[in-house]
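Enquirer: Pasting a structure below so you can have a look.
The values are calculated or read from the model by the stated rules, or taken from the named source; none is laboratory data. Note that the structure is predicted; figures quoted are calculated from it, not measured. Ideal geometry is used to build each Cβ from the backbone, glycine not excepted, and the neighbour counts take in all protein chains shown. Note: areas computed on protein heavy atoms with side chains; ligands, DNA, RNA excluded. Shrake-Rupley method; radii C 1.70, N 1.55, O 1.52, S 1.80 Å.
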Amino acid sequence: MSASILRNSPHSEPKSALAGALAVFVHLFFVALLVFGLNWKDHPPEGMTVDIWTELPKPVQEPVKSQLLPKQSVPEPLKPKIEPQQPKPEPPKPVPQKTIVEPPVKKPDIAVKQKPEPVKESPPDLQEQKKKEQERAKEQERIKELEKQKELEKKKEFEKKQELEKQKELEKQKELEKQKELQKQKEKEQAAQRQREQEAKAQREAEAKRAAQQAAARNQITNEISKYKALILAKIRSRIVMPPDLPGNPVVEFNVTLLPGGDILDVRLSRSSGYAAFDSAVERAIFLSKPLPLPPDPALFNEFRNLNITVHYRE
Amino acid sequence: MNTTVTQDMSFLHLISSASLLVQLVMLILVMISLLSWWYIFRKLFVIRYEIKKTDEFEDIFWRGADMNALYQRTINSRYESGSLERIFAAGFSEFNKHPAGSDLEAVMESTRRAMRATYQREMDYLESHLSFLATVGSVSPYIGLLGTVWGIMNSFRSLASITQATIAHVAPGIAEALIATAMGLFAAIPAVVAYNRYASRTDQLATRFESFMEELSNVLQRRAAG
C-alpha cells in the first residue's frame with residue numbers, strides 16, 4: 001500500500017512558476033543589454049556634405065540687411081503719430097476766449113439804452129406804464145432771445161470754422177505723412193537698387209575670381225601634367241642604352257598603358273624608328289624605369305593612362 | 001523579445017527587416033532560449049531542494065532516529081519529502097512486508113531491489129530535462145549560424161545587382177544576420193554551463209543515494225539478524 005503510494009507520488013517541484021518568471025527576467029535583462037549596451041546606429045554616419053554655391057556667400061548677408069531696413073522704417077511712422085497730437089489741443093484755446101469776450105460788450109449797450117427809458121415815463125398812468133413795461137419786457141425778452149440766437153449762430157460758426165481748420169490741419173498732416181511715406185518708399189527703392197547693384201558687383205567679382213581660380217587650377221594641372229610627362233621621359237631616357245653610331249636622328253614612338261601607381265601594363269610600338277636595335281633599347285628602358293613617376297593626385301591619372309612616348313636618338 | 005518593440009526602434013528594425021527564414025530562426029531561438037532558461041531555473045531549484053532535503057534526512061537518520069517514526073513521517077508528508085526519504089521509505093516498507101523468520105538473504109535482496117527501483121525513478125526525475133539543456137547547448141549555435149549564413153547569403157546576393165558595391169550595402173544585412181548567431185550563443189552558453197553543473201550535482205546526489213542504500217541495507221540486515 002504505502003510503497004505504491006510512494007511510487008505514484010508526484011514530485012512536488014518547487015517554485016516552477018518562479019523559474020518561469022526568472023527566465024523571462026533574464027531575457028528582458030539580455031534585451032536591455034542589447035538595446036542600451038550597444039549603440040545601434042539608426043542612420044549611417046554622415047559623409048562629407050558639400051554645398052555647391054552658384055554664388056559666393058555674400059548674397060546670404062544681404063537679405064539680413066534688407067531685413068534690417070524695414071525694421072528701421074517701422075519706428076519712423078510712429079513719430080508723425082505723436083506729433084499731430086500736440087497741435088490739436090492748441091486751436092480750441094483761442095475759441096472760448098473770443099466767445100467770452102464779445103457778448104458782454106454788446107449786452108451792456110442794449111441794457112443801458114432800455115433801462116433809463118422807464119425812469120423818464122413813470123409819471124403817466126400806472127396801467128399804461130405796466131403795459132409799456134410788459135411790452136418792453138417782452139421786447140427785451142425778444143431782444144435777448146435774438147441775442148442768444150445770434151450768439152448761438154456765432155458759436156456755431158466758430159465751431160464750424162474750428163472744424164474746418166482742424167480738417168485742414170488734418171489734411172495737411174495727412175499730406176505730410178503721405179509725402180514722408182513717399183520719400184521713405186523712394187529711399188527704400190534706392191537702397192534696394194543700391195543693394196542690387198552691390199550684389200551684381202559682388203557676383204561679377206566672384207565670377208571673375210572663380211574664373212581666375214579655375215584658370216589658375218587649369219594652369220596648375222597642365223603644368224603638373226607636363227612636368228610629370230617630362231619626368232617620365234627623363235627617367236626613361238636615363239635608362240636607355242643607346243646603340244652607337246646610328247645615322248641621323250631617328251625617332252621612335254611607343255604607346256604605353258599605365259596602371260595607377262606607375263606600373264606598366266602594356267607597351268606597344270606605335271612608330272618604329274627603322275632601327276630595331278634602337279626600338280628594343282627604348283622598349284627595354286621603358287620596362288626598366290618601371291615605377292614611372294606619377295603625380296600624387298589620383299584625379300590626374302587619367303591623363304597618364306595612355307601615354308605616347310616619343311624618344312629622339314639625339315636630343 | 002517583444003520588449004524590443006517598445007524599447008528600440010533600430011533594434012526592432014534590424015529584426016523586422018531580416019528575411020523570413022532569419023526571422024523564423026530568431027523566433028525558434030527565442031523560444032528555445034526561454035524554455036532552456038525556464039528549465040535552468042527549475043532544475044536549479046529542484047536540485048537545491050533535493051540537496052537540502054538529503055542533508056536534513058541524513059542528519060536525522062544518522063543521529064539515531066527511530067526508523068518507524070521516520071517512515072511514518074515520510075509517508076505523511078510525501079509531497080514534501082526528498083528523494084532519499086522516498087528511497088528509505090520504499091526499502092523500509094519492503095523490508096517490513098516480510099514476516100519475521102523468513103530467509104534473510106531473500107529479504108535483503110528484495111529490499112535492495114525496491115530501493116533501487118525508487119532510486120532509478122528519483123534519478124530519472126532529477127535528470128529530467130538535463131538532456132534538453134544539453135541539446136540546446138549543442139544545437140542552438142548551429143541554428144543561429146544557419147540564420148546568419150542565410151542572412152549573409154541574401155545580403156551578398158543583393159550586392160550582386162549593385163554596380164558600385166560598398167560595405168554600407170552589406171553591413172546592415174550582416175548585422176541583422178549576426179543577431180541570429182548572438183541569440184543562438186545566448187541560448188547555448190548558459191545551457192551548456194547549467195548542464196555541466198547540474199549533471200555533476202546529480203552525480204553527487206546519486207553517489208550519496210547509492211551509499212545510503214548500501215548503508216541502510218547493512219543497518220536493516222543487522223536489525224533482522226539481531
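So that you can scan it fast, the table gives a plain yes or no per residue for (1) part of a strand (DSSP E or B); (2) surrounded by 14 or more Cβ atoms within 10 Å (Cβ to Cβ); (3) of a type in the set (D, E, K, R); (4) modelled with pLDDT of 85 or more:
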{"residue": "A:228", "(1), (2), (3), (4)": "no, yes, no, yes"}
{"residue": "A:235", "(1), (2), (3), (4)": "no, yes, yes, yes"}
{"residue": "A:238", "(1), (2), (3), (4)": "no, no, no, yes"}
{"residue": "A:241", "(1), (2), (3), (4)": "no, no, no, yes"}
{"residue": "A:245", "(1), (2), (3), (4)": "no, no, yes, no"}
{"residue": "A:255", "(1), (2), (3), (4)": "yes, yes, no, yes"}
{"residue": "A:270", "(1), (2), (3), (4)": "yes, no, no, yes"}
{"residue": "A:291", "(1), (2), (3), (4)": "no, no, no, no"}
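Enquirer: Moving to a separate point now. Listed residues A:173, A:167; which is of a type outside the set (Ser, Thr, Tyr) and surrounded by 13 or more Cβ atoms within 10 Å (Cβ to Cβ)?
Expert: Among A:173, A:167, only A:173 is of a type outside the set (Ser, Thr, Tyr) and surrounded by 13 or more Cβ atoms within 10 Å (Cβ to Cβ).
Enquirer: Moving to a separate point now. Taking the conditions exactly as written (touching a Phe, Trp or Tyr at 6+ places or on another chain (Cβ under 6 Å) and hydrophobic (A, V, I, L, M, F, W, C)), does residue A:264 satisfy them or not?
Expert: no
Residue by residue, here is whether (1) open to solvent by 70 Å² or more (accessible area, probe 1.4 Å); (2) at the interface with chain A (Cβ under 10 Å from one of its Cβ atoms) holds:
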{"site": "B:15", "(1), (2)": "no, no"}
{"site": "B:46", "(1), (2)": "no, yes"}
{"site": "B:49", "(1), (2)": "no, yes"}
{"site": "B:64", "(1), (2)": "no, no"}
{"site": "B:78", "(1), (2)": "no, yes"}
{"site": "B:93", "(1), (2)": "no, yes"}
{"site": "B:97", "(1), (2)": "yes, yes"}
{"site": "B:104", "(1), (2)": "no, no"}
{"site": "B:111", "(1), (2)": "no, no"}
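Enquirer: What residue, of A:129, A:203, is more than 30 Å from residue A:53 (Cβ to Cβ) and not charged (D, E, K, R)?
Expert: None of the others qualify; the one that does is A:129.
Enquirer: Looking at the stretch B:125-140, is at least one residue open to solvent by 20 Å² or more (accessible area, probe 1.4 Å), touching a residue at least 60 places away in the same chain (Cβ under 8 Å), hydroxyl-bearing (Ser, Thr, Tyr) and in contact with a Leu (Cβ under 7 Å, 6 or more places away or on another chain)?
Expert: no
Enquirer: Being part of a loop (DSSP other than H, G, I, E, B) and free of Cβ contacts under 8 Å to residues at least 40 places away in the same chain is the filter; apply it to the stretch A:257-268 and report the residue that is surrounded by the most Cβ atoms within 10 Å (Cβ to Cβ).
Expert: That would be A:262.
Enquirer: State whether one or more residues within the stretch A:283-297 are in contact (Cβ under 8 Å) with a residue 60 or more places away in the chain and more than 29 Å from residue A:313 (Cα to Cα).
Expert: Looking through the stretch A:283-297, at least one residue is in contact (Cβ under 8 Å) with a residue 60 or more places away in the chain and more than 29 Å from residue A:313 (Cα to Cα).
Enquirer: Mind listing whichever residues of the stretch B:66-76 are among the small types (Gly, Ala, Ser) and within 10 Å of another protein chain (Cβ to nearest Cβ)?
Expert: none
Enquirer: Turning to a different aspect of this structure: When residues of the stretch B:150-177 are filtered for being within 16 Å of residue B:28 (Cα to Cα) and open to solvent by 70 Å² or more (accessible area, probe 1.4 Å), how many remain?
Expert: Of the residues in the stretch B:150-177, 1 are within 16 Å of residue B:28 (Cα to Cα) and open to solvent by 70 Å² or more (accessible area, probe 1.4 Å).
Enquirer: May I ask you to verify whether residue B:36 is open to solvent by less than 70 Å² (accessible area, probe 1.4 Å), at the interface with chain A (Cβ under 9 Å from one of its Cβ atoms), small (Gly, Ala, Ser) and not in a helix (DSSP H, G or I)?
Expert: In short, no.
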